[in-house]
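Okay, so here's the structure we're looking at.
The values are calculated or read from the model by the stated rules, or taken from the named source; none is laboratory data. Source: prediction; values computed, not measured. No Cβ is skipped: glycine too gets one built from the backbone with ideal geometry, and neighbour counts run over all protein chains shown. With ligands, DNA and RNA removed, areas are computed over all heavy atoms of the protein, side chains included. Shrake-Rupley method; radii C 1.70, N 1.55, O 1.52, S 1.80 Å.
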Amino acid sequence: MSSTELPGVRSADPSSSGQSSQVGAARVAEGEQLRTDRLPGLEMNVRVRPPVRSGLPPALFVHGLGGSSQNWSALMARLADSVDGEALDLPGFGWSPPPADRDYSVTGLARAVIRHLDAAGRGPVHLFGNSLGGAVSTRVAAVRPDLVRTLTLVSPALPELRVQKSAVPTALLAVPGVAGLFGRLTRGLSAEQRTRGVTDLCYGDPSRVTPEAFEAAVEEMERRLALPYFWDAMTRSSRGIVDAYTLGGQHGLWRQAQRVLAPTLLVYGGRDQLVSYRMARKAAAAYRGSRLLTLPEAGHVAMMEYPEVVAAAFRELLDAAVSIDGHGAEPDPGAGDRGAGDPDAAEHTVNTDEDGKG
């Protein structure tokens, strides 16, 4: 559950240095494009990374709480030779205005993603989700398997019995009146101080963030705080996560994880302060046929800290997925047994060096 826009990190690939230009006030990495998709009661900004060649399968990337489509730029750049990638700004985040119905529940956000995919006609897609976006993507994959070819989840926000202490403030935003209290208590904090706090919370190694990327994140923080709906979006989305954690039966996130048919890649960081590392094995057992990538040095946003490693793991998932009539995929033989009964056999731990390479 990240809490605002995050800066990028140093890249091990000089050709993907994260240089950006300005389109209006929205930052767009080199090679990216932005567009706005409008549906009744719903308007979403879409960040597009054109593929290096035509005919590549479509992919959709869904960010976490307080994040934006920009959180996926580094990974999208590295997968441009494998997928035709698009990333959403969920309603009320990034450059997307609030939804007309103010529904920020996990179900409401999943419905927005489904509406987008249905309208765009791009499905089935390789669906990616981080944190809150992981919970949303799980729900999409469970209720609309026809829209999801593979599922890649980075620190998905799934119910935990023992929430980490560092995640408590985010969860408290769900309590009525707390957002206003937070606003009053933190009124004296500068945008730079707020951004530093978010970076320290979400990254396994905050020192890997470049000064230029940090400065850009501070500017984005200032813009977000000036939005009249900023705290409302944060509060309602936090409440949506808490509500989703309490749902039981067929609507429970763990039950829906078990219903996912798409081959799944799970990515967990050993230094994640928001989603517990200990949940990795439980998740690997819940998602049938899943592959588990553990990164001991990563924090909550492994796709930003170690995009090269996450990209390589996704390519392995992609290679193992066998298309069925061009609309779906099935796991490699035996993967279902590994995911359901012996997650150890599907686990891959990568010790990364300072450049982010395995």
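Quick test for you: out of Val48, Val62, pick the one residue that is out of contact with any helix residue (DSSP H, G or I) (no Cβ under 8 Å at 6 or more places or on another chain) and either modelled with pLDDT of 95 or more or open to solvent by 50 Å² or more (accessible area, probe 1.4 Å) (or both).
Val48
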For the range 256-289, name all the residues that are at pLDDT 95 or above, in contact with a Lys or Arg (Cβ under 9 Å, 6 or more places away or on another chain) and in a loop (DSSP other than H, G, I, E, B). Val260, Leu261, Ala262, Pro263
What is the number of the single condition among (1) at pLDDT below 95; (2) within 30 Å of Ala244 (Cα to Cα); (3) touching a Leu at 6+ places or on another chain (Cβ under 8 Å) that Asn71 does not meet? (1)
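Okay, residues lined up against (1) more than 19 Å from Ser276 (Cα to Cα); (2) of a type outside the set (Ser, Thr, Tyr); (3) open to solvent by 10 Å² or more (accessible area, probe 1.4 Å); (4) in a strand (DSSP E or B):
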| residue | (1), (2), (3), (4) |
| --- | --- |
| Pro97 | yes, yes, yes, no |
| Arg111 | yes, yes, yes, no |
| Arg122 | yes, yes, yes, no |
| Gly129 | no, yes, no, yes |
| Leu151 | yes, yes, no, yes |
| Leu158 | no, yes, no, no |
Pick from the range 269-285, criterion among the hydrophobic types (A, V, I, L, M, F, W, C) and open to solvent by 10 Å² or more (accessible area, probe 1.4 Å), ranking: nearest to Leu6 (Cα to Cα): Met279
Quick one: what pairs do we get from the range 198-213, first residue farther than 22 Å from Tyr277 by Cα, second basic (Lys, Arg) and open to solvent by 20 Å² or more (accessible area, probe 1.4 Å), C-beta under 7 Å, 6+ apart or different chains? Thr210/Arg10
Any residue at all in the range 131-147 that is open to solvent by 50 Å² or more (accessible area, probe 1.4 Å), closer than 18 Å to Leu88 by Cβ and either part of a helix (DSSP H, G or I) or at pLDDT 95 or above (or both)? yes
Find the strands (runs of 3 or more DSSP E) located wholly in the range 30-70 whose residues include 2 or more that are in contact with a strand residue (DSSP E or B) (Cβ under 8 Å, 6 or more places away or on another chain), on the phi < 0 side of the Ramachandran plot and of a type in the set (A, V, I, L, M), and list them. 42-49, 58-62
Restricting attention to the range 208-231, and to residues there that are among the small types (Gly, Ala, Ser) and out of contact with any Lys or Arg (no Cβ under 8 Å at 6 or more places or on another chain), which single residue is least open to solvent (accessible area, probe 1.4 Å)? Ala217
